[in-house]
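J.: This is the structure I have questions about; it appears just below.
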Amino acid sequence: MTIPASMNSSDSKTTSLDKAAELVAENIRSEEKFPLVSDLLHTSSSAEYRVPASHGWNVIELQKSIPLPDALFEQYDLLQCRCFMGFFPEIKRAWITVDHRLFLWNYSEGNDFYSFEDQEQVIVSVALAKPKPGVFVDDIQYVMAVATPLEVLLLGVSVEKNLTTAAGDITLYATHMSVPADNVAMTAMVGTSEGRIFMAGNDGHLYEFQYQSEDGWLSKRCKKVNLTLTTISYFIPTFFVRSNDDPVVSLVVDNERKTLYMLTQKSSIEIIYLGPKGNEFFRVFRHNNIATAASMICPSFTEGSSPDFRIVSIHVVPRSESRILHLVAITSGGTRLYFSAIKRNMRYYEGTTAIPARHSIPETLDLVHVRLPEQQGYQSQNQQLGSYPTGNIAKLPNFIHTACYSNGVTIMANAQNDEHDSIIGTAPDCGYILKQLSSMTRATLTELSSTTLINGKTWAIAEIDSSNEKHFNDLDTVSCSSPRIFAVLTNSGVNILSKRRPVDLLLYILSNSTPQGGELQEFISIYGQAQTCAMCLTILCADTFDQRMLSVQAVASAVTVLFEFGGAPSINERAQFGSSETTPSVKYSGRHDGLVLYMSRILMTIWNKSPLVLFKEGLDVPLLKVQQSIRSLSEIQSSLSRLRKVIDENPRFIPEQLGENAVFSPNFKSPKDSSGVVHNTSEAWQAEASSLALIYDLLIQSIEAISFLCLLSDFGITKASTKMSEGNKEGATKLTFEQIICTEAGRKVCKDLIMNVINMQLDQNMSVESISDILGQRCSSFFSDTDVTFYKGLECIKQAKESDEASNSSILLQESLKLFKSICGVLTIEKIDDIVQDYLDLKYEDGALSLVLLSALQGDPADSAMAFWKEGMPENDVRKPVFDRRAACYCCAFGILEQFNFGKSSSKRPKELFSQCLASNDQLFHFMLYDWLLQNGNGNCLFQVESPLVQEFLMFEPHTKEKWNILWKYYIHNNDYMNAAIVQKELADMANNGDKLKDRLEYLSLAISNAKSAIHYQNNAHSQQLLSDLDEKLEVCLIQMEIYNMTDKITSKEVVDSLDSKLYNVTELYNDFAIPLELPTVMLMIFKVSNHDDPELVKNIWEAITCNALNESDGSSHLLPISVKIGEVGTKLYPSESVFPIKYIIELALTYTLEFSNEYQPGYISQAILQAKAPHKSIFSVLDGMIDQNYKEKNAQELRILVIEIISLLESWLSSLSITSDPSFDGNGFPAVIVDDAISKYITAVNVMNTQGLTGRHDTPNIASMSNLVQELQSIQLRIRRSF
């Protein structure tokens, strides 16, 4: 088939594959999240089953029956005492004992069996176990324990592979190890993965067969240890020791969790913990009331009230199936009882990745779920599952006597009569479970159930052929062969049963009916289009051997179903939350989703794993190797290749035109939305075709990636990795298979690995062409023509290094430069760095500089990096990688200049290289070059560059301090004072640029100076406004400086740094500093600048200022600190009446004077106001008014002080006038007449107050008496009259 152009392009594989890879990853995550059995059993009981209506839908199918060999029947006829049977699935044999004889029957070969008759006692039980490490030779893969009433023998078992039989040839070896049984019949034996062998005796005790390679000083080579006998029993005569009346009948080991379970004759179960390493023995819990517990959590469990309640078998629940359920017991009525060894409060860890270590140790054995058999199920529940073919539910009671449970599949032998059994098989209905999950958050366990009749009475049931992977989710399969196989051993032979998977059911339907039949429609309704299409691909992608087993009709029908029943894509309009707008979304067809699903299942085992690992194995340094075996990788690749072949042979799979060759069944209905509108639009087909093309691309890449890994193994990546750095090796091991295919980092690692392999091959004198041919044939996307050119260029450099003639070396270097220039647009920066270093080592600087500058341009033919830079380099922009690559190339060029000490050396060579840089027509390079000059302190070189790009560069963002410092100097150099002032203003406002507050103040001062110069040379409204704005900003800046200088109030370095970091406005200064730091003076300064008028607040602040001054005094004087503070603060506030209210301040000072009158000095109040630069006239006016007010109110003490203050003020006023050059005082604004009249008024007031006896306090020596005040007033009045 012809693939769209996007498939054949390898330039952007790693970006275009992201969507396809995400689809695969999403499906893998979905498959991995298939609920565990405990997720489905979230209630205390359940009984949901679906029963097939026809034999073809049976979940368990009888494949064949193998009769016992005649020779074994003859032995059975010689039976005198006992006969036992069972399975050894590990060695693919059934075992049969007839009295003292043991037979190992290779049932797959019919009449092949091995006999053991080297002892004469009746055999009561047999067990197969792994041997303890280091005890036997390597040929002994297993040990077999053979128990008789007198002794227990240990035999060595060797299985040798044989091409003629899958089971191989078996040989038993005498180990000469045995322990006495002491007339105790070992009713059950089991071995652990650590080689321990446990034996249950009919005396009710549990024993262990302990053995070692040879006798020790204090230990025998083998011995029998009673594990359940108490210490006190050793001191009691044996005839007093009674045997247990509830002996153990079955032993089961959980090798994952290191636990041992014992089932007793009276249906009790005991759990034993074997320790974290499996070498200990701790009795944890014994459950003796299982029937009662089951009846309590499930009232429908009728077996619990029966005296015949019996558990026929117990089975381990593996961790892959559940992390909180550990054991399942099957009763004689067919009920399954699920147990947990974790306490109830810790079972919530099921939803997590792992149970904490402290809770992985068994603590109890709780019955947590009762799974009723089919016939005890609720009839209403079975009826409501009507979408599946349903049959009549049998109501006859079960008589289960043998059962097997393995990864969700339950096989039970139900006694029909004394001679025949029926086999009941149940398994999870994964299709229906998925259907539940699509409409609800949690699903319940629904199982398929079927019954099969067999001949004979069942002795044992086991799952065989354990080499096949077992999945609780049997939808997860990529092979139409190798279903799960179970063997049922009866007294007449072995019955081979297969557990039918959904793909087996589909194969049955396709082989026995037409695709238009009702069974197929029913199947699709259960499993959905995607799952059905995935199963069709499973059939179509079968390997050569499996294809021979498939019928022509089945294959043809699979193709028909895939394309005629696979559905069609649609566009769904989804309403956005909180909006009436809708967003279109594509719903792909079942054929599309089935393809992704099938491909995901193939790749699941390697997708999220690292193909490369480090190993040491005695080496000095760790080396790389391919983690997966070549065989497993080849199997995955074969499956992918067969899938590719199916796609290639069916052009309808990925139509080139919209909807082309899209064939539909007459019964197919196009998808509709809730309004009934059909959405089979051309846009949907276009979206699906594009997605399928990417999936196909991913398929090809996956095939080639596996070829690449196989080639790495063949070419000796282990040896080649000896020259790799530890970081590169470590990085290679962190990449998953997905990342190798879909990421730039993955491709880079692949290129590096190839480079190391090729270098190793070159060292062995192999040509580059021969290696590239091999790589090109098998994985061309990993080794392209560009790679060939690159390695040819490297070969030229290598030859130039080895050449003794300068002329020949120069020719080779020029040839390498020519080769590299032809591909430099796609070279990684690491490769460019390596080439540049080689060129510099060979004194080929011109070539190095030429290569990096051309590589930058060729890597971005659309010049998108320039636009990206001009737009401020937005985050998450698709152009960023292109820009980063160009920037890296420029860094190589700058490195060349630095190597020759540009800017520091006066030699000719660096100037020549710099001239070569300036000759470039790459605008972005010029900007980056200018920036590099600034960063290296060579900004003055910009004035020497005759290019308009310099000013453009300086004006572009980011507006750094260095650039703008040069820019305002550039403007001044060109007499553009206004723009210089604007830049200086921006510099002052630039936050977090490393400048201190004093620097910002200096920028504002310079800006004001330049703004004034701009007004001088070009007076306009803009320059006037700029100057006004700068003056205001300077005022605010001075307030910020005031805060900064108050170091006694600022104890936090963070605050100081914050004040340095930027210029704040008045609101920020007030809210962020003045209030939190309690700076009243600053508050008033802010009110002054902002023209804020709040008299009450101002009074409160002045009160706080004077109070603080008083509190900060040393105690020797109270009034002096207040006077100083008033003058100090007033200097910063006057003449603003709103923040320096003279009248209120005098009143406030007067209050303190009255309080500390003994400290009063004349002029204390007026001098404080004068220190604030307030004029005498203003103070006189306020004091005059206050004297009038106090006279009226008859406040003698206040009046005395105010008169003293006005006398002091007038003396100061007159003294200031006397130092002028004008002896007549004219023109100095002294209101002599007004003052003279006021003094007369004061004299009258004082005399009146004195006459009335209102003289105030007399204990204040510095406050003159009323009579003295009159004299002083008259004296100063006389002075004024003489002077004016």
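The values are calculated or read from the model by the stated rules, or taken from the named source; none is laboratory data. Nothing here was measured: the structure is a model prediction, and the numbers come from that model. Reconstructed Cβ throughout: ideal geometry from the backbone, glycine too, with neighbour counts over all protein chains shown. Side chains are part of the model used for accessible areas, which takes the heavy atoms of the whole protein and leaves out ligands, DNA and RNA. Shrake-Rupley method; radii C 1.70, N 1.55, O 1.52, S 1.80 Å.
J.: Checking the a/c ratio against 1.5 first, then a/b against b/c, what shape does the Cα gyration tensor give for segment 993-1105?
T.: oblate
J.: How about segment 1167-1216: which trypsin sites (Lys or Arg not before Pro) there are in a DSSP loop, with at most 16 other Cβ atoms within 10 Å of their Cβ?
T.: Taking segment 1167-1216 and a limit of 16 other Cβ atoms within 10 Å, the loop trypsin sites (Lys or Arg not before Pro) found are K1173, K1194.
J.: How charged is the neighbourhood of A25? Take every other residue with its Cβ under 15 Å from the Cβ of A25, and add Lys/Arg as +1 and Asp/Glu as -1.
T.: Around A25, the surrounding residues sum to -2.
J.: May I pose another question? For segment 817-959, list log₁₀ I(q)/I(0) at each q in 0.18 Å⁻¹, using the Debye formula over Cα point scatterers of equal strength and ignoring solvent, two decimals each.
T.: After summing over all Cα pairs, the log10 values are -1.09.
J.: For segment 499-632, what is the charge dipole size about the Cα centre, in debye to the nearest 20, if Lys and Arg each add +1 at the Cβ and Asp and Glu each add -1 at the Cβ?
T.: Once rounded to the nearest 20, the dipole reads 400 debye.
J.: Once the Cβ-Cβ distance between V621 and T733 is put in as r, and R0 is 22 Å, what FRET efficiency do you end up with, to the nearest 0.05?
T.: Once rounded, the FRET efficiency stands at 0.95.
J.: Kindly sort T444, T335 by accessible area of their heavy atoms, largest first, with the probe set to 1.4 Å.
T.: T444, T335
J.: Please work out the Cα center distance from segment 485-519 to segment 183-197, rounded to the nearest Å.
T.: After rounding, the separation between the Cα centres reads 36 Å.
J.: May I pose another question? So, taking all protein chains as they sit and a 1.4 Å probe, how much accessible area belongs to V122, in Å² rounded to tens?
T.: Probe radius 1.4 Å; accessible area of V122 about 40 Å².
J.: Continuing with this model, one more query. Compute log10 of I(q)/I(0) for segment 812-886 with the Debye formula, placing one identical point scatterer on every Cα and leaving out solvent, at q = 0.14 Å⁻¹, to two decimals.
T.: -0.48
J.: Hey, what angle do you get for helix 744-763 against the long axis of the chain, alpha-carbon based, 0 to 90 degrees rounded to 10?
T.: 70 degrees
J.: Of R778, R909, R484, which has the most accessible area and how do the rest follow, probe 1.4 Å?
T.: From most accessible down to least: R778, R909, R484.
J.: Next up: Can you give me the three principal axis dimensions of segment 853-928 from its C-alpha atoms, in Å, biggest first?
T.: For segment 853-928, the Cα extents along the three principal axes come out at 43, 20, 17 Å.
J.: Moving to a separate point now. Based on the Cβ-Cβ distance of K277 and K161, what FRET efficiency does E = 1/(1 + (r/R0)^6) give at R0 = 51 Å, to the nearest 0.05?
T.: The pair K277/K161 has a calculated efficiency of 0.95.
J.: Here's something else I'd like to know. Report the normalised scattering of the chain as log10 I(q)/I(0) at q = 0.04 Å⁻¹, calculated by the Debye formula with identical scatterers on the alpha carbons.
T.: Log10 I(q)/I(0), no solvent term: -0.49.
J.: Translational diffusion coefficient of segment 1047-1102 at 10 °C, 1.306 mPa s, Stokes-Einstein with Kirkwood Rh over Cα pairs, in µm²/s as a whole number.
T.: Translational D for this selection: 132 µm²/s.
J.: Still on this structure: Once both axes come from the Cα atoms, what is the angle between helix 1176-1192 and the longest principal axis of the chain, in degrees from 0 to 90, rounded to 10?
T.: Helix 1176-1192 sits roughly 90 degrees off the main axis of the chain.
J.: Now a separate question. If segment 751-875 were replaced by its equivalent ellipsoid, with semi-axes equal to the square roots of 5 times the Cα gyration tensor eigenvalues, what would those be, largest first, whole Å?
T.: Equivalent-ellipsoid dimensions as semi-axes: 28, 21, 11 Å.
J.: So how far apart, in nm, are the two label points at E1035 and E1078 if each is 7 Å from Cα heading toward Cβ?
T.: Taking the two extended label points, one gets 2.9 nm.
J.: Report, by chain and number, residues whose modeled amide H sits under 5 Å from the one on V152, excluding near sequence neighbours (fewer than 5 apart, same chain).
T.: It is V179, A181, by chain and number.
J.: Taking segment 37-170 as the region of interest, what is the percent of Cα-Cα pairs per 5 angstrom bin, listed from the shortest bin to the one with the maximum distance?
T.: Once binned at 5 Å, the Cα pair distances of segment 37-170 give 2, 8, 15, 16, 15, 11, 9, 8, 9, 6, 1, 0.
J.: Can I ask one more? At a threshold of 8 angstrom on Cα-Cα distance, excluding pairs fewer than six apart, so keeping six or more, what relative contact order does the chain reach in percent?
T.: So the answer I get is 6 percent.
J.: Give me the extension gain from L1217 to H1022: residue separation times 0.36 nm, minus the current Cα-Cα distance, reported in nm with one decimal.
T.: 65.7 nm
J.: Subtracting the Cα-Cα distance from 0.36 nm times the residue separation, let me have the gained length for E952 to D989 in nm, one decimal.
T.: Full-extension gain reported as 11.2 nm.
J.: Any idea how far apart H42 and R1281 come out in nm if each label point goes 7 Å out from Cα toward Cβ?
T.: 11.1 nm
J.: Still on this structure, please answer the following. Rounded to the nearest 10 Å², what accessible area does T451 have for a 1.4 Å probe in the complete protein model?
T.: Accessible surface of T451 is approximately 80 Å².
J.: With a cut-off of at most 12 other beta carbons within 10 Å, and DSSP calling the residue loop, which trypsin sites (Lys or Arg not before Pro) in segment 427-483 qualify? Please list them.
T.: Answer by residue number: R442.
J.: Working out 0.36 nm times the residue gap between N974 and S822, then minus their Cα-Cα distance, what length gain in nm do you get to one decimal?
T.: 50.2 nm
J.: Among K19, K801, what's the order by accessible area (1.4 angstrom probe), most exposed first?
T.: Result, largest first: K19, K801.
J.: Please state, as a whole number in µm²/s, the translational diffusion coefficient that the Stokes-Einstein equation yields for segment 789-839 at 20 °C and 1.002 mPa s, with Rh defined as the Kirkwood radius across alpha carbon pairs.
T.: Answer from the Stokes-Einstein relation: 197 µm²/s.
J.: Which three lengths, in whole Å and largest first, does segment 60-129 cover when its Cα atoms are put on their principal axes?
T.: 39, 29, 21
J.: For a Förster distance of 30 Å, can you work out the FRET efficiency between the beta-carbons of E120 and D70, rounded to the nearest 0.05?
T.: 0.75
J.: Before rounding to the nearest 500, sum -39500 (n - 2.57) across all DSSP H runs of length at least 4 in the chain and divide by the residue total; then give [θ] at 222 nm in deg cm²/dmol.
T.: One gets -14500 deg cm²/dmol as the mean residue ellipticity at 222 nm.
J.: So for the pair S1116, N936, with labels modelled 7 Å out along Cα→Cβ, what separation do we get in nm?
T.: In this crude label model, S1116 to N936 measures out at 6.4 nm.
J.: Then there is this: Measuring from the lowest to the highest alpha carbon on each principal axis, how far does segment 95-237 reach, largest first, in angstroms?
T.: Largest to smallest, the principal-axis extents are 58, 33, 23 Å.
J.: Rounding to the nearest 10 and keeping the result within 0 to 90°, find how far the Cα-based axis of helix 997-1017 lies from the longest principal axis of the chain.
T.: Value to nearest ten degrees: 60.
J.: Now, a different point. Over the heavy atoms of W932, what accessible area does a 1.4 Å probe trace out, to the nearest 10 Å²?
T.: Per-residue accessible area (W932): approximately 20 Å².
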